[in-house]
1. Can you report the number of residues in segment 48-72 which are under 24 Å from residue 88 (Cα atoms) and either surrounded by fewer than 15 Cβ atoms within 10 Å (Cβ to Cβ) or out of contact with any helix residue (DSSP H, G or I) (no Cβ under 8 Å at 6 or more places or on another chain) (or both)?
2. Return the only residue of 112, 87 being touching a Lys or Arg at 6+ places or on another chain (Cβ under 6 Å), basic (Lys, Arg) and either surrounded by fewer than 19 Cβ atoms within 10 Å (Cβ to Cβ) or without any contact (Cβ under 8 Å) to a residue 40 or more places away in the chain (or both).
3. Which condition from (1) more than 26 Å from residue 41 (Cα to Cα); (2) at pLDDT below 90 is the one that residue 137 breaks?
4. One residue is enough: does segment 140-151 have a residue meeting the conditions surrounded by fewer than 20 Cβ atoms within 10 Å (Cβ to Cβ), touching a helix residue (DSSP H, G or I) at 6+ places or on another chain (Cβ under 8 Å) and not aliphatic (A, V, I, L, M)?
5. Could you check segment 21-51 and list, in sequence order, the residues that are outside any helix (DSSP H, G or I) and closer than 15 Å to residue 77 by Cα?
6. Taking segment 1-22 only, how many residues are charged (D, E, K, R) and either on the phi > 0 side of the Ramachandran plot or modelled with pLDDT of 90 or more (or both)?
7. Just one of 112, 87 is basic (Lys, Arg), within 13 Å of the chain's Cα centre (by Cα) and closer than 30 Å to residue 156 by Cα; which is it?
8. Looking at segment 54-81, I want the residues that are closer than 16 Å to residue 33 by Cβ and have a partner that is of a type in the set (Phe, Trp, Tyr) and assigned to a helix (DSSP H, G or I) with Cβ atoms under 9 Å, at least 6 apart or on another chain. Which pairs are those?
Amino acid sequence: MSTAHAAGETHQPVFVGPTRAQLEALFPKYPTKQSVLLPALWLVQEARGWISEGALHEVAEVLGLTPAYVKGVVTFYTMYHTHPVGRHFIQVCTTSPCNICGAEEVTKAFLRHTGCGELGATSPDGRFTVIEVECLGACGFATPVLIDDDFVEGVTPERVAGILQGYK
C-alpha cells in the first residue's frame, strides 16, 4: 500500500516485514506508544537513509500522533535527515574550541576531497554529505569528526584524504 501526501510524494511503507517486527519489539520496552517516537524515527532513517514527509506521516499514524508533532521532533533534532543524504554522512565539529584548532580548514578539506562543494550538499557520486555541527563533545581532541557512526579525533586537513579512503 502506498499513500500520497501533500507534496505529491508516493510513499512506500517503511514498517513492513523486518522493520515492522523491530518496531513491534520496541512497544513492550516503553510506557506509551508516544515514547517510541525517537527509536521509530531511527528505524525509518536506517531503512531509508532519511525521513521523508510520507514516512513522517506513517510514523505519526503508527504511534497515534499528529504529523505536526512528529515533524516538530524530526526538525528539532539535527540527527534526523529531512532530505536524502550521501551513503556516508560526515559531521565536522565547528564549535569555538574546534574552530580555534582549525575546524574551518578541516571542513574545507572534506568539502574538497568529497566533491560536495558546499555544506549540506551530496557529492555527485552520492557517496558523501558534509555538514557542520555545533559540538561532538570532544573539545580536547579537536577537530572531531563523526562519519556515519565512526568517531574520528584530532582530524587535520592533511588527514582528510586518508580518512576518506576507508569509506567507499
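1. Result for segment 48-72: 5.
2. Criteria check complete, one pass: 87.
3. Against the list (1) more than 26 Å from residue 41 (Cα to Cα); (2) at pLDDT below 90, residue 137 comes up short only on (1).
4. No.
5. 50, 51, listed by residue number.
6. 1
7. Being basic (Lys, Arg), within 13 Å of the chain's Cα centre (by Cα) and closer than 30 Å to residue 156 by Cα holds for just one of 112, 87, which is 87.
8. 60/69
The values are calculated or read from the model by the stated rules, or taken from the named source; none is laboratory data. A quick note: this is a predicted structure, and the numbers were derived from the prediction, not measured. Glycine gets a Cβ as well: all are built from the backbone with ideal geometry, and neighbour counts include every protein chain shown.
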